[in-house]
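Down below is the structure, laid out as structure tokens.
We did not get these values from a lab; they are worked out from the coordinates using the rules stated. Since the structure is predicted, the reported quantities are computational estimates derived from the model, not experimental observations. All Cβ positions, even for glycine, are placed from backbone atoms using ideal geometry, and neighbour counts span all protein chains on display.
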Ligand SMILES: [Fe+2]
């Protein structure tokens, strides 16, 4: 398959991304740290710019805690305003909006590997956190690939997670579900302390 890579890098925003997460997120923080780490690992797998991919992962739900249940507003003006405070390029806003395909898909298609990875991994990092919470130890160190894939088949578990979006790793990224879960899980274990998991 053709690997579509990013032309514009914004990896220099990594320190600013950490600052934004600290200042503007609470409940979503662990998910953003997880997704940042996963995106960094996926960049290494697919030959992308690791810091740029990490920034996209870290900031993709930056506005989530501010939405006050108005999820239609996700990735809208609030996010745009927050990104402007760190002088982020339009490319970052577009990469983030692309993960909300049902709203922004026509304007921001999944036309790069970064966007494809972010779209698929977003649901997976949240799911792995949910799997961690039901381990007796509640530690991600004790989660294995097979515990994640087994729970994915259990439709009643974390029912809000879109399994199909995760399984699109095969069609969009060209890797098996086991490999995708493995890469993501290992990356998340590397930031366990930061996630407090
Ligand atoms: Fe997310």
Pairs, first more than 17 Å from residue 93 (Cβ to Cβ) in segment 54-74, second within 10 Å of the ligand (Cβ to nearest atom) and part of a helix (DSSP H, G or I), C-beta under 9 Å, six or more apart: 71/64
Boolean, residue 158 is more than 26 Å from residue 16 (Cβ to Cβ), in a loop (DSSP other than H, G, I, E, B), touching a residue at least 12 places away in the same chain (Cβ under 8 Å) and under 18 Å from the mean Cα position of the chain (by Cα): yes
Evaluation of residue 57 against (1) away from the ligand (no atom under 14 Å from the Cβ); (2) within 18 Å of residue 172 (Cα to Cα) (one fails), failing number: (1)
Residue within segment 117-137 that is more than 15 Å from the chain's Cα centre (by Cα) and within 14 Å of the ligand (Cβ to nearest atom) present: no
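Rundown of residues vs (1) within 20 Å of residue 180 (Cα to Cα); (2) surrounded by fewer than 16 Cβ atoms within 10 Å (Cβ to Cβ), yes/no style:
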| position | (1), (2) |
| --- | --- |
| 44 | yes, yes |
| 54 | yes, no |
| 61 | no, no |
| 71 | no, yes |
| 78 | no, no |
| 82 | no, no |
| 85 | no, yes |
Residue in segment 90-108 that is surrounded by the fewest Cβ atoms within 10 Å (Cβ to Cβ), counting only those that are away from the ligand (no atom under 15 Å from the Cβ) and over 22 Å from residue 22 (Cβ atoms): 106
Meets criteria (more than 21 Å from residue 181 (Cα to Cα), touching a helix residue (DSSP H, G or I) at 6+ places or on another chain (Cβ under 8 Å) and more than 15 Å from the ligand (Cβ to nearest atom)) for residue 40: no
Residue match in segment 121-129 (condition: assigned to a loop (DSSP other than H, G, I, E, B) and touching a residue at least 12 places away in the same chain (Cβ under 8 Å)): no
